[in-house]
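The values are calculated or read from the model by the stated rules, or taken from the named source; none is laboratory data. From a predicted model like this one, the values you see are computed outputs, not experimental measurements. Here the Cβ positions follow ideal geometry from the backbone for every residue, glycine too, while neighbour counts run over all protein chains shown. Only protein heavy atoms, including side chains, enter the accessible area calculation; ligands, DNA and RNA are left aside. Shrake-Rupley method; radii C 1.70, N 1.55, O 1.52, S 1.80 Å.
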Amino acid sequence: MADRKHARPAAPTDTTVSSADWDSRDLTGEQHERVLFVDVDMTEAGGVGAVFTDCTFRGVRFNASTHTDSAFVNCTFVRCRLFDATFSGCKLVGSMFDGCTYDLLKVKGGDWSFTGLPGADLRRASFEDVRMREADLTGAQCAGATIRGVDLSGAWLHKADLTRCDLRGSDLSAIDPLTVELRQAVIDPFQAVVIATALGLDVRD
């Protein structure tokens, strides 16, 4: 996988799409494999059921794009812009993000397991009801973000900043409160027990 956590390189590509104007393009049903996209404008593009496998996106603009039930499997995103992009029910298993921007990114449902987002600035992003098992969020900046109902089991969260983050309903079993900033984070009663137990406290009725 192109997941930095495991130090694996991006998948090799066979063809290149460079500086193309895909603004508002309907991607419904399209399939792309081992393609390098360079400086492509995908502003307001989107669709249903598109599949990208082992692709690399470099300097691609996904601003205000909308993707539904689509897949970006084992892909690499480098210096991409995802301003106000929406991913609903999408599969991004094994994909890696490096140097991207995520202002107003919205992720609803889907599977982002093993995804690499180390150091990502997700402060204005929203993740809801997403599977993110063993995702790499090392050093991620999530202060004030929404991460609700997310499966974070096995996720790497060392030095992540979850200050004021809404975490209600998410699996926090992978969090070490001593290495993650949780000040003023919003959690539910069950999560409070999980955090207390992780701190070595003896929780009783």
Straight-line reach only, C-alpha to C-alpha below 12 angstrom: list the aspartates and glutamates that LYS91 could link to, leaving out same-chain residues fewer than 8 apart.
ASP69, ASP111
I'd like the orientation of helix 189-198 relative to the chain: the angle between its Cα long axis and the longest Cα principal axis, in ° from 0 to 90, rounded to 10.
80 degrees
Segment 1-150 - percent relative contact order, Cα under 8 Å, separation 6 or more:
16 percent
ARG34 neighbourhood, Cβ < 12 Å, K/R = +1, D/E = -1, net charge -3
List the trypsin sites (Lys or Arg not before Pro) within segment 91-194 that fall in a DSSP loop (any state other than H, G, I, E or B) and whose Cβ has at most 12 other Cβ atoms within 10 Å.
ARG183
Residue-averaged 222 nm ellipticity for the chain, from DSSP H runs of 4+ at -39500 (n - 2.57), nearest 500:
-1500 deg cm²/dmol
Please give me the summed charge of the neighbours of GLY149: other residues whose Cβ is under 12 Å from its Cβ, Lys and Arg +1, Asp and Glu -1.
-2
At a 1.4 Å probe radius, carbon and sulfur cover how many percent of the accessible area of segment 1-125?
46 percent
May I ask for the net charge around GLU128, where only other residues with Cβ less than 9 Å from the Cβ of GLU128 are counted and Lys, Arg are +1 while Asp, Glu are -1?
+2
I need the fraction of alpha carbon pairs in segment 98-161 separated by more than 15 Å, rounded to a whole percent.
45 percent
Segments 70-81, 185-196, 31-42 sorted - mean Cβ within 10 Å per residue, highest first:
70-81, 31-42, 185-196
Quick one: accessible area per residue over the chain, 1.4 Å probe, rounded to a whole number of Å²?
46 Å²
Taking Cα atoms of segment 1-135, Rg/Rh with Kirkwood Rh, to two decimals?
0.92
